Amino acid sequence: MFDTVRNNKRIVQLFLVLITLPFAFWGVESYMHKADSSVELAVVGGERISRQELRAALTQQQERLRTQFGGKVDPALFESPEMQRMTLDSLVRRHLLAQQIRSNRFMVADAELAQLIATNPEFQENGKFSAQRYEAAVNAQGMTKEVFEARLRQQLTFQQVIMPINDAAMVGETSSGQWLSILLEKREIAEAGFRPEAYLGQVRLGADAAKKFYETNTGKFSVPEQVRAEYVELNSAALTDQVVVSDDEIKARYQTHLDQYKEGEMRRASHILILAPKNAGEAVVKAAREKAEKILAQLKKSPAEFDKLAKESSQDPGSAEKGGDLGWFARGAMVKPFEDVAFTLKEGAISDLVRSDFGFHVIRVAGVRQERVKPLEEVRVAIIAEIKRELGPKKFAEKAEAFGNTVYEQADSLAPAAEKWKLPTKQTGWLAQGGQLPPPFDNPKLATALFSEDAIKNKHNTEAVEVAPGVLVAARVIEVKPASVQPFETVKPAIERYLQHEEALKLAVRDGEQKLAQLGKGDVSGLTWSAPRTISRIDPQDLNQEALHSIFKMDVAHLPAYTGLPEPGNGYVVFRVTAVKKGVVDRKDSRQAELSQRQAGIIAEEEFSAWLETLKDKFPVKVNQSALESKEH
């Protein structure tokens, strides 16, 4: 089973997207039991999906995307009805799969799980499983080994269900060829644009046009209520830096983890490489060997010239300029023929010719470092960092509750909390309710608390809100600017520019449509065309999907052919097609093979979605539409 999974990773990943969109790093426990809540959003085969479970899934997805995109995620996205419904659909799929798994008693044996973990290169050192590396990798994800293994077992169990459907999704060669030929078809186009800027001189606004627009669109010129705030942030990372690690703790960690600080035998070597790839012809290999043998003969006479000859003759661009120096390396870092020789030579010795897949090497060992345990002083900094990483979250957990209590109990000021935990008090600029807020106020819960009646009227501290894992923020409003409407005279120039642009836009679109009609009648005069360029469905260049669709749906039986469409806010564009080249399918082309695989993935996704729908007969699904709409609103 594991070989099958490895060999079909791409399509397996496509399947998993259908069921795990909001569930990266989501616990196995999240779908194996009911969540507590008084309102159910859906029932799947008797299992309830609660509002709490949906909220948790949305939060998990938001944090994952926040991490992925460096914090640049619009929180409003997760309040949209579309995201709410999409996340609920994913929860339904996951519950369906979980019940199918339990119904059919799918499982992953302990021995299979252990084998998969032991053979993962990330958990190996010198080609062997390392319990220390495994533990470190799991800890880095903020999990225990038990939780990690449970989640891995869950993922593998899902794949047991998915793989048979993947294997059954077949794509016929004729169908694939037709699909590819459509994607690869090329069309040579030129374009003529009708931009509103060119029509501004023709626009004449009425004397009271701006005033009328202002009076009928007053809401557009309102400035919402704004606040300035101060805030303090309790950060797990900052608390980690404050952790003091004693010498006794460092020594104790070192003594109990000596295996972690073992370093295998190391070699430092230089080489001279004469290229002769393993698939090279006999003549190339012969010439390379002769050249390498001449260099070796020179070195036997004058070993001290190694660096000079490497700079002059080595064909390894990464090391030649450094006299062939490859630095220190352990076993497993070099190709096997090279390594076998390098680890048998004594320090200062020069090898005979060594043949690898790259060519012929002459190797000189410049240093030998026997297997050793790194001394304490060499790993002291790493040990301190490791202990701090472990103690920081504990320290944060201890202080988080007290921090929250302090800002609540002494609600008129953030100073007590700032002084107690030595935190800087920061201030914001003006923040508008409903606008795009800067971090940390882009967190919906913190933003809601900041604009609450208690915070604005009473100037009380907000509650301490966890805006990210390990980050608590409490804020306090220090100044309020009431909502207002901008005076007409202030916005009049902007209104006039807007109205002029809108009128010019209408003129540009009307002119473009008229010119397209004339082209259809054979009148090709009066247009300036861009330089021709060739596009395809897989190489649209800068064209959007609407333009691409318009170009490729044209009847090209007679050329040149013309089409056009408005560009929102930017006028009108007319396209001229002057040549068509049918797509030629070449199965040896790696790019076309990628496209064929993509088609197989699309078909597999459709098959998988259809199969999931059949599970609804076995495990009926009922969505509480009124509760969901209430949530969306």
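The values are calculated or read from the model by the stated rules, or taken from the named source; none is laboratory data. Treat the numbers as computed from the prediction; the structure is a model and nothing was measured. Note that each Cβ is placed from the backbone with ideal geometry, even for glycine, and that neighbours are counted across all protein chains shown.
Residue check: is Ala229 assigned to a helix (DSSP H, G or I), more than 28 Å from Val580 (Cβ to Cβ) and either touching a Phe, Trp or Tyr at 6+ places or on another chain (Cβ under 9 Å) or modelled with pLDDT under 95 (or both)? In short, no.
Listed here are the residues, each with its yes/no results for (1) free of Cβ contacts under 8 Å to residues at least 60 places away in the same chain; (2) surrounded by 13 or more Cβ atoms within 10 Å (Cβ to Cβ); (3) touching a helix residue (DSSP H, G or I) at 6+ places or on another chain (Cβ under 8 Å); (4) not in a helix (DSSP H, G or I).
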| residue | (1), (2), (3), (4) |
| --- | --- |
| Arg497 | yes, no, no, no |
| Ala504 | no, yes, yes, no |
| Gly512 | no, yes, no, no |
| Leu519 | yes, yes, no, no |
| Gly522 | yes, no, no, yes |
| Ala531 | no, no, no, yes |
| Pro540 | yes, yes, yes, yes |
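There is at least one residue in segment 239-252 that is in the same structural domain as Glu419 (by TED's automatic domain parsing), closer than 30 Å to Trp430 by Cα and either in contact with a helix residue (DSSP H, G or I) (Cβ under 6 Å, 6 or more places away or on another chain) or part of a helix (DSSP H, G or I) (or both). The residue list Leu88, Leu77, Leu58 contains one member that is part of a helix (DSSP H, G or I), at pLDDT below 80 and farther than 24 Å from Ala150 by Cβ, which is Leu77. Residues that are surrounded by 14 or more Cβ atoms within 10 Å (Cβ to Cβ) and within 41 Å of the chain's Cα centre (by Cα) do not occur anywhere in segment 299-307. For segment 331-421, the helices (runs of 4 or more DSSP H) that sit wholly inside it and include 3 or more residues that are surrounded by 18 or more Cβ atoms within 10 Å (Cβ to Cβ) and in contact with a Leu (Cβ under 6 Å, 6 or more places away or on another chain) are 376-409. Does Ala400 satisfy the condition of being small (Gly, Ala, Ser), over 27 Å from Ala288 (Cα atoms) and outside the structural domain of Glu233 (by TED's automatic domain parsing)? So Ala400 does not fit the description; no. The residues on offer are Tyr261, Tyr254, Tyr214, Tyr199, and the sole one that is touching a Phe, Trp or Tyr at 6+ places or on another chain (Cβ under 6 Å), farther than 30 Å from Asp454 by Cα and among the hydroxyl-bearing types (Ser, Thr, Tyr) is Tyr214.
Checked against the criterion of being on the phi > 0 side of the Ramachandran plot and in the same structural domain as Gly404 (by TED's automatic domain parsing), segment 435-444 contains not a single residue that satisfies it.
Just one of (1) surrounded by 14 or more Cβ atoms within 10 Å (Cβ to Cβ); (2) modelled with pLDDT of 95 or more fails for Lys459. It is (2). Would you confirm whether any residue within segment 424-433 is hydrophobic (A, V, I, L, M, F, W, C), within 20 Å of Glu401 (Cα to Cα), surrounded by 13 or more Cβ atoms within 10 Å (Cβ to Cβ) and modelled with pLDDT under 95? Checked against the condition, which is being hydrophobic (A, V, I, L, M, F, W, C), within 20 Å of Glu401 (Cα to Cα), surrounded by 13 or more Cβ atoms within 10 Å (Cβ to Cβ) and modelled with pLDDT under 95, segment 424-433 yields no hits at all.
Pairs are defined by a Cβ separation below 6 Å, a sequence spacing of at least 6 or placement on different chains, a first member in segment 419-430 that is farther than 15 Å from Asn461 by Cα, and a second member that is among the polar types (S, T, N, Q) and surrounded by 10 or more Cβ atoms within 10 Å (Cβ to Cβ); the pairs so defined are Trp430/Gln226. When we screen Glu489, Glu463 for residues that are without any contact (Cβ under 8 Å) to a residue 60 or more places away in the chain, of a type in the set (D, E, K, R) and in a loop (DSSP other than H, G, I, E, B), the only hit is Glu463. Evaluation of Ala411 against the conditions (1) of a type in the set (Gly, Ala, Ser); (2) closer than 30 Å to Lys300 by Cα; (3) touching a helix residue (DSSP H, G or I) at 6+ places or on another chain (Cβ under 9 Å) shows that the sole unmet condition is (2). The single condition from (1) in contact with a helix residue (DSSP H, G or I) (Cβ under 7 Å, 6 or more places away or on another chain); (2) modelled with pLDDT of 85 or more; (3) not charged (D, E, K, R) that Pro393 fails is (2). One residue stands out in segment 61-74 among those that are surrounded by 12 or more Cβ atoms within 10 Å (Cβ to Cβ) and of a type in the set (A, V, I, L, M, F, W, C): the one that is modelled with the highest pLDDT, namely Leu65. Is it the case that Phe2 is modelled with pLDDT under 80, surrounded by 18 or more Cβ atoms within 10 Å (Cβ to Cβ) and not aliphatic (A, V, I, L, M)? So Phe2 fails the test. Residues of segment 193-218 that are closer than 30 Å to Gly564 by Cα and of a type in the set (Asp, Glu): Glu197 alone.
To keep it simple, each residue is scored yes or no on (1) at pLDDT 80 or above; (2) in a helix (DSSP H, G or I); (3) aromatic (Phe, Trp, Tyr); (4) outside the structural domain of Gly392 (by TED's automatic domain parsing).
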| position | (1), (2), (3), (4) |
| --- | --- |
| Ala114 | yes, yes, no, yes |
| Glu122 | yes, yes, no, yes |
| Tyr134 | yes, yes, yes, yes |
| Val138 | no, yes, no, yes |
| Gly142 | no, no, no, yes |
| Phe148 | yes, yes, yes, yes |
| Leu152 | yes, yes, no, yes |
| Gln155 | no, yes, no, yes |
| Phe158 | no, yes, yes, yes |
